[in-house]
Amino acid sequence: MNIVVSVLITILAPVMLITGCGPQQGTRDHAPDSQSNGLQNPSTQTPSPHSAVSPGTTSHPAASAETFPKTAGSPGTFPVTTASQKTSAQSGVARLVQYAEKFELTPVGDMVRLTVLAPWQNASGARFNYLLGNDPSRVPDSLSSIPFITSPVKSTVIMSTTFTGFLDTLGVASTITGVSGGDYIYNNELLQRYRSGHIREVGYDQQMNYELILDLDPDVVFLFGVQSGIVQTVNKLQDAGIPVVICADYLEPHPLGRAEWIKFFAAFYEKQELAADIFREVAYRYDSIATSVATTRNANVTGIQAKVALGTRGKAPDVMLGLPWKDTWYVAGGASFAARLIHDAGGAYLFSDHEHAEAKPYDIETVFSRAMEAEVWLNPGIAGSLDEILEHDQRFGKLDVFNIGEVYNNNRRMGAGGGNDYWESGVIRPDQVLQDLVHIFNDRPVDNNDLFYYRKLQ
């Protein structure tokens, strides 16, 4: 996939993960993003009892509620909703999905029906159904029009390197035979398989190598779409007899909603119980941090007690996100994935009064006027230093947040080929991302050794 398309996709990501945080690798890389993704030193923490919860080849911390320090939060409208609370408000098979809004999972006898909802921006009403099972002859006539995929799948082609995080966590990354943007894989084992030719590069969009995909003959192709044109790709592959599944994980408005897509991928491998166990642990850790922050936010404390509760900063910091693309700054709204993470970590998002979820374009001057108030700057594109930000636009040197050095990027864990682990393991570890942000919003000074995905730019 060419770099221009990669950049545009990542721009659309502060609606994907945390502005300046959208997928930045493989087929979703390099540019400001849209929606986009705690508190001991990660290198000294104990791995989770579920090894799969430790993404990639490196063990992640198994944080407990007691290890999460309390910190101040910003005023906002987000309630702290635990998984158990949300589940109790649902009924029947809907309980299988607790946070995700972009897919439904429904048992149908000994089969599973998956429904993907509105899988690109402004795709309201679009639904894609898939039926998974061992024997297509058992499909009832009422469901015969739904594409059937035999499970467990043995081989797959993925059109986003972000999907490697889900598959590796489930222990099924060995089934990947083709990938789009393989140079941006962070996982070293998969990167070596790619470089040795065991995982093939299949391209993307106009450069997609359909003949190679046909030769690979995968059991399923996982892809995503930014616009409705992705349907043409889906139809072309299906007409050639290749099962295709379109994913919408990057559009989830809640960090745990995106992480819950591990249940979606698990259904193709008949690993639903493992996925449920993994997600339960991640959700518990995330909710423990968010609840601690919310408790402090609502506490009636004053004087010295307030300083202790609010951390060394003494208040919820005003937070800005991202970096402009050419003369346009794509800004995630106050109902976005990005805003949710900032709120749950105790920050005050500068655009929280914008009640939309998607990233909308603004001119640089409009964003710059608010940025003058920022106390923390997160996810400045692919910048690796303060100098690189100035090279982008000298005017950033006038911002107080730049001059005091409170600029952090989510690129601490970079692979040999330029892949960023934030977009692989970080997708299923929002608890660790949240843990990083709590550190950033409260510690003074912030020690990079206390951060896992983030680092302070110098």
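Express in whole angstrom the spacing between the alpha-carbon centres of the stretch 359-423 and the stretch 97-126.
Between the Cα centres of the stretch 359-423 and the stretch 97-126 lies a distance of 35 Å.
Kindly rank 131-142, 245-256 from highest to lowest mean number of other beta carbons found within 10 Å of each residue. Let's see the in-between values first.
Numbers: 131-142: 13.1, 245-256: 25.0.
My ranking of the peptides, most packed first, is 245-256, 131-142.
State the Cα centre-to-centre distance between the stretch 135-149 and the stretch 224-282 in whole Å.
Computed from Cα coordinates, the inter-centre distance equals 20 Å.
Estimate the FRET efficiency between residue 106 and residue 395 by the formula 1/(1 + (r/R0)^6), using the beta-carbon distance for r and 51 Å for R0, to the nearest 0.05.
Numbers: r = 52 Å, r/R0 = 1.02.
Efficiency computed from Cβ-Cβ geometry: 0.45.
So if we plug the beta-carbon distance of residue 449 and residue 327 into 1/(1 + (r/R0)^6) with R0 = 41 Å, what FRET efficiency do we get, rounded to 0.05?
Details: r = 38 Å, r/R0 = 0.92.
Using R0 = 41 Å, I get an efficiency of 0.60.
Tell me, in nm to one decimal, what length is gained between residue 272 and residue 211 on full extension, where the rule is 0.36 nm per residue of separation less the Cα-Cα distance? Each step should come with its number before you reach the end.
Numbers: separation 61, 0.36 × 61 = 21.96 nm, distance 3.27 nm.
Length difference between fully extended and current span is 18.7 nm.
Could you sort 262-275, 399-412, 206-219 so that the peptide with the highest average Cβ count within 10 Å comes first and the rest follow in order?
Working: 262-275: 21.3, 399-412: 19.6, 206-219: 14.9.
Per-residue Cβ counts within 10 Å, averaged per peptide and sorted highest first, yield 262-275, 399-412, 206-219.
Calculate the spin-label point distance for residue 353 paired with residue 298, positioning each point 7 Å from the Cα along the beta-carbon direction, and give it in nanometres.
2.6 nm
Evaluate the distance, in nm, between pseudo-label points positioned 7 Å from the Cα of residue 370 and of residue 188 along their respective Cα→Cβ axes.
Reported label-point gap for residue 370 and residue 188 is 4.1 nm.
Take the residue pairs 102/263; 102/456; 326/398; 102/154; 315/360 and return only those whose Cα atoms are more than 23 Å apart. Could you put the intermediate results ahead of the total?
On the way: 102/263 12 Å; 102/456 33 Å; 326/398 19 Å; 102/154 25 Å; 315/360 28 Å.
The pairs that break the limit, which is 23 Å between Cα atoms, are 102/456; 102/154; 315/360.
Which one, 143, 121, 206, projects farthest toward the positive side of the charge dipole computed for the stretch 83-277 from Cβ point charges (K/R +1, D/E -1)?
Farthest along the dipole direction, towards plus: 121.
Kindly rank 112-124, 427-439 from highest to lowest mean number of other beta carbons found within 10 Å of each residue. Don't jump to the answer; show the numbers that get you there.
Working: 112-124: 17.4, 427-439: 28.3.
Listed from highest to lowest mean packing, they are 427-439, 112-124.
Any read-out appearing in this document is the output of simple, stated calculations on the displayed coordinates, not a laboratory observation. Everything quoted here is computed from the prediction, not taken from an experiment. Reconstructed Cβ throughout: ideal geometry from the backbone, glycine too, with neighbour counts over all protein chains shown.
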